[in-house]
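Structure record follows, encoded as structure tokens.
The values are calculated or read from the model by the stated rules, or taken from the named source; none is laboratory data. All figures in this text were calculated on a predicted structure; none of them were measured in a lab. Glycine gets a Cβ as well: all are built from the backbone with ideal geometry, and neighbour counts include every protein chain shown. Heavy atoms of the whole protein, side chains included, go into the accessibility calculation; ligands, DNA and RNA do not. Shrake-Rupley method; radii C 1.70, N 1.55, O 1.52, S 1.80 Å.
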Amino acid sequence: MKRNVSLDEISDGRLYGPEDMVRVGCDDCRGCSACCQNMGTSVILDPMDIFRLTKALDCDFQALLSDKVELNVVDGIILPNLKMSGVSGRCGFLSNEGRCTVHSARPGICRCFPLGRYYENGGFKYFLQIHECRKEQRSKVKVKKWLDIRDLNTYERYINDWHDYLMELEAEIEAGATDEAIKNISMAVLECIYMISYDTAEDFYPQFYQRLALCKNRLGAIAKKQP
Ligand code: SF4
Ligand code: SF4
């Protein structure tokens, strides 16, 4: 999701890499679940998030869409996000005790928070969103420990490839794609990348790259047919 704000307004002005220490430690969020409520449609789910959630819950994407996840248009493309519901706009995975019930499979945006990703020069770094976390006295934690993601290099490469592809599609839309072409883009992304069930007993990455190629081929074939 593109944000029209300057980094200076929302961050401490620094960019962080996996080995850097950053002030995010919030004592295990004890007594707080603020960022699991009223987040609107902002917790967008990438394909690996869906892989992890369907694996943890032993369900498919359609089952997630029945209550915990919804679809919305993000910069022209339909993508899934965590659904916040009820008066306080709670994430469906938040327990009555204010704890995440899918902690080990929580989405990438939840893992990062209050860090965000800043994309530049064909890669990305992390930045600290200084107005987001409610805890005032935060301790320093190494970024890679905070993210708690196995094989972080491969994950970051995947996040970057996924981001680049979405940017490519968004550029196509912004360049004046027809309504039909915009619809084709969303359908291809949803059907090829999110809806085809992943084999959760197997590694995610090869399956993702196969689906990415499928999506690219499908959109390429549609483009060739156009006069
Ligand atoms: S998935 Fe877990 S961490 Fe993320 S918003 Fe929901 S309850 Fe919070
Ligand atoms: S606002 Fe900060 S302390 Fe509260 S739940 Fe989110 S990360 Fe944890």
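With the contact rule set at Cα under 8 Å and sequence spacing of 6 or more, what percent relative contact order holds for the chain?
Values: 268 pairs, mean separation 62.8, N = 227.
Computed over the chain, the figure is 28 percent.
Once label points are set 7 Å from the Cα along Cα→Cβ at both Arg23 and Ala63, what is their separation, rounded to one decimal in nm?
According to this spin-label approximation, the distance is 4.3 nm.
Can you give me the Cα centroid spacing of the stretch 19-93 and the stretch 159-227 in angstrom?
So the separation of the two Cα centres works out to 21 Å.
Checking the table Lys183/Lys225; Lys183/Lys224; Lys83/Lys145; Lys55/Lys183; Lys68/Lys183 against a 21 Å threshold on Cα-Cα, which pairs fail?
From Lys183/Lys225; Lys183/Lys224; Lys83/Lys145; Lys55/Lys183; Lys68/Lys183, over 21 Å: Lys83/Lys145; Lys55/Lys183; Lys68/Lys183.
If you line up the long axis of helix 179-188 against the longest principal axis of the chain, both from Cα atoms, how many degrees apart are they, to the nearest 10?
60 degrees
Asn81: net charge of surrounding residues, Cβ under 11 Å, Lys/Arg +1, Asp/Glu -1, itself excluded?
-1
Rounded to the nearest 0.05, what FRET efficiency do Glu120 and Ser42 have when you use their Cβ-Cβ distance and R0 = 22 Å?
0.55
Can you give me the % of accessible surface on the chain that is carbon or sulfur? Probe 1.4 Å, all protein chains present, nothing else counted.
49 percent
Give me the accessible area per residue for the chain, probe 1.4 Å, as a whole number in Å². Working shown, then result.
Numbers: 12490 Å² over 227 residues.
Counting only protein heavy atoms, the per-residue value for the chain is 55 Å².
Where in the chain is the longest stretch that carries no trypsin sites (Lys or Arg not before Pro) classed as loop by DSSP and with at most 14 other Cβ atoms within 10 Å?
Longest run free of exposed loop sites: 151-227.
For an R0 of 25 angstrom, estimate the FRET efficiency from the Cβ-Cβ distance between Leu71 and Asn153 and round to the nearest 0.05.
Approximately 0.20, to the nearest 0.05.
Quick one: if the Förster radius is 41 Å, what FRET efficiency do Asp8 and Lys225 give, using the C-beta to C-beta distance and rounding to 0.05? Intermediate values should be presented prior to the final figure.
On the way: r = 47 Å, r/R0 = 1.14.
After rounding, the FRET efficiency stands at 0.30.
Among rounded, prolate and oblate, which fits the chain when a ≥ b ≥ c are the square roots of the eigenvalues of its C-alpha gyration tensor, a/c under 1.5 means rounded, and a/b larger than b/c means prolate?
prolate
Give me the one-decimal nm value for the distance between modelled label points at Glu168 and Ala201, 7 Å along each residue's Cα-to-Cβ direction.
Placing both labels 7 Å beyond Cα along the Cβ direction yields 3.3 nm.
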